[in-house]
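Data block below; observations after.
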Amino acid sequence: MAGALVRGMLGNQVAAPAQIWATNRSSDERLGGLRDRYGITVTRSKSDLAAASSILVLAVKPKDMAGVLRELAPLVRADHLVISVAAGIPLRSIESALSGVPVIRAMPNTSAAVQESATALAAGMRADAVHLAAAETIFRAVGDVMAVDEDLLDVVTGLSGSGPAYVYRLIEAMIHAGTDLGLDALLARRLAVQTLIGAARMLETSSEDPGALRERVTSPGGTTMAALRALEDGGFAMAIREAIGRAADRAREMADEFAGGEPAKRLAAER
Ligand SMILES: NC(=O)c1ccc[n+]([C@@H]2O[C@H](COP(=O)([O-])OP(=O)(O)OC[C@H]3O[C@@H](n4cnc5c(N)ncnc54)[C@H](OP(=O)(O)O)[C@@H]3O)[C@@H](O)[C@H]2O)c1
């Protein structure tokens with residue numbers, strides 16, 4: 001995710017290479033790769049990085065967040081903005097670990113790699129409109145950005161954060177069906193992917209809702225109607241509702257684990 005943000009910001013001239021610093025935990029190869037590819041500054045010193053930066057983007061796995069917050073706590077200033085992309089780590093946990101610092105949570109998705117992320121932002125109690133605008137500028141470089149209240153971020157995680165995987169699963173199923181029924185696999189993939197791109201572009205450019213677009217391509221007694229009946233008989237809409245609900249539940253559980261679990265207890269004990 002960090003690499004996608006760097007690529008998007010540089011590609012869209014949101015920042016110059018000299019303005020971007022990066023660090024990681026252990027992989028010199030990965031860090032060196034970012035430096036060589038993008039001309040940014042890489043360092044092993046979080047202290048140097050924090051001193052040189054005004055915005056700190058925490059793009060670590062949720063399980064690593066407690067360690068990162070512990071390392072950053074003595075280094076952050078009130079004039080920093082901290083942006084976390086970690087799924088399920090609540091603003092209150094980050095704010096209490098980095099006291100006095102404005103924090104924003106972002107939920108992008110993997111399509112940031114091709115600058116087509118759907119990103120939702122939730123501002124913490126110390127983040128103002130200027131901070132939100134700065135975060136929007138960063139994530140606009142990798143796609144579309146929307147601001148939401150934090151209590152909606154779990155549903156956002158279920159819908160768009162994990163959403164690319166549902167679309168990949170749909171395309172995978174379409175390709176399997178096509179090959180099962182006699183199409184060459186590459187041809188089936190090309191047809192399925194272009195169908196997805198075309199439908200997405202129709203949705204993007206049309207003011208009609210998806211249901212109206214669907215009805216317009218569904219002639220009574222035709223092929224599409226036969227297909228849609230089979231989908232609904234198979235519980236399609238119910239399965240999607242269940243999938244997004246379960247992902248949102250898991251995001252909530254992760255927040256509870258972090259807030260009440262070992263990482264939070266360790267942080268509290270150290271304060
Ligand atoms: N990928 C997505 O589509 C997506 C979508 C939405 C949200 N997110 C969120 O984005 C976050 C990052 O995901 P990712 O897929 O980019 O993970 P990733 O490729 O595993 O990158 C995580 C990075 O965190 C670094 N790190 C871990 N502990 C550290 C520490 N103590 N100090 C400094 N760096 C540390 C790791 O360094 P080393 O490599 O050296 O260990 C690694 O470079 C996750 O929280 C995820 O929930 C991802």
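If you take the residues in segment 8-18 that are touching a Ser or Thr at 6+ places or on another chain (Cβ under 9 Å) and over 23 Å from Asn109 (Cβ atoms), which one is farthest from the ligand (Cβ to nearest atom)?
Ala18
Looking at Leu49, Leu56, which is the one that is under 20 Å from Ala134 (Cβ atoms), modelled with pLDDT of 95 or more and assigned to a helix (DSSP H, G or I)?
Among Leu49, Leu56, only Leu49 is under 20 Å from Ala134 (Cβ atoms), modelled with pLDDT of 95 or more and assigned to a helix (DSSP H, G or I).
Between Leu5, Leu49, Leu69, which is in contact (Cβ under 8 Å) with a residue 60 or more places away in the chain, over 19 Å from Phe139 (Cα atoms) and either crowded, with 19+ Cβ neighbours inside 10 Å or within 11 Å of the ligand (Cβ to nearest atom) (or both)? Don't jump to the end; show me each part of the working.
Values: Leu5 fails: over 19 Å from Phe139 (Cα atoms); Leu49 fails: in contact (Cβ under 8 Å) with a residue 60 or more places away in the chain.
Among Leu5, Leu49, Leu69, only Leu69 is in contact (Cβ under 8 Å) with a residue 60 or more places away in the chain, over 19 Å from Phe139 (Cα atoms) and either crowded, with 19+ Cβ neighbours inside 10 Å or within 11 Å of the ligand (Cβ to nearest atom) (or both).
Can you pull out the residues in segment 82-101 that are part of a loop (DSSP other than H, G, I, E, B), under 17 Å from Ala50 (Cα atoms) and open to solvent by 10 Å² or more (accessible area, probe 1.4 Å)?
Ser99, Gly100
Those residues that are out of contact with any strand residue (DSSP E or B) (no Cβ under 6 Å at 6 or more places or on another chain) and open to solvent by 50 Å² or more (accessible area, probe 1.4 Å), I need them from segment 12-22; list them, please.
Answer for segment 12-22, where residues must be out of contact with any strand residue (DSSP E or B) (no Cβ under 6 Å at 6 or more places or on another chain) and open to solvent by 50 Å² or more (accessible area, probe 1.4 Å): Asn12, Gln13, Val14, Pro17, Ala18, Gln19.
Arg25 fails exactly one of the following numbered conditions: (1) touching a strand residue (DSSP E or B) at 6+ places or on another chain (Cβ under 8 Å); (2) within 11 Å of the ligand (Cβ to nearest atom); (3) without any contact (Cβ under 8 Å) to a residue 60 or more places away in the chain. What is the number of that condition?
Of the numbered conditions (1) touching a strand residue (DSSP E or B) at 6+ places or on another chain (Cβ under 8 Å); (2) within 11 Å of the ligand (Cβ to nearest atom); (3) without any contact (Cβ under 8 Å) to a residue 60 or more places away in the chain, the odd one out for Arg25 is (1).
Kindly indicate which of Ala112, Ala133 is in a helix (DSSP H, G or I), closer than 18 Å to Met9 by Cβ and free of Cβ contacts under 8 Å to residues at least 12 places away in the same chain. Give the derivation first.
Details: Ala112 fails: free of Cβ contacts under 8 Å to residues at least 12 places away in the same chain.
Exactly one residue qualifies, and that residue is Ala133.
In segment 28-44, what residues are at pLDDT 95 or above, within 13 Å of the ligand (Cβ to nearest atom) and in a loop (DSSP other than H, G, I, E, B)?
Scanning segment 28-44 gives a single hit, Thr43.
Out of Arg30, Arg44, Arg25, Arg37, report the one residue that is in the same structural domain as Ala78 (by TED's automatic domain parsing), of a type in the set (Lys, Arg) and surrounded by 14 or more Cβ atoms within 10 Å (Cβ to Cβ).
Numbers: Arg44 fails: surrounded by 14 or more Cβ atoms within 10 Å (Cβ to Cβ); Arg25 fails: surrounded by 14 or more Cβ atoms within 10 Å (Cβ to Cβ); Arg37 fails: surrounded by 14 or more Cβ atoms within 10 Å (Cβ to Cβ).
The conditions single out Arg30.
The values are calculated or read from the model by the stated rules, or taken from the named source; none is laboratory data. From a predicted model like this one, the values you see are computed outputs, not experimental measurements. All Cβ positions, even for glycine, are placed from backbone atoms using ideal geometry, and neighbour counts span all protein chains on display. What goes into the accessible areas is simple: the full protein's heavy atoms, side chains included, and nothing from ligands, DNA or RNA. Shrake-Rupley method; radii C 1.70, N 1.55, O 1.52, S 1.80 Å.
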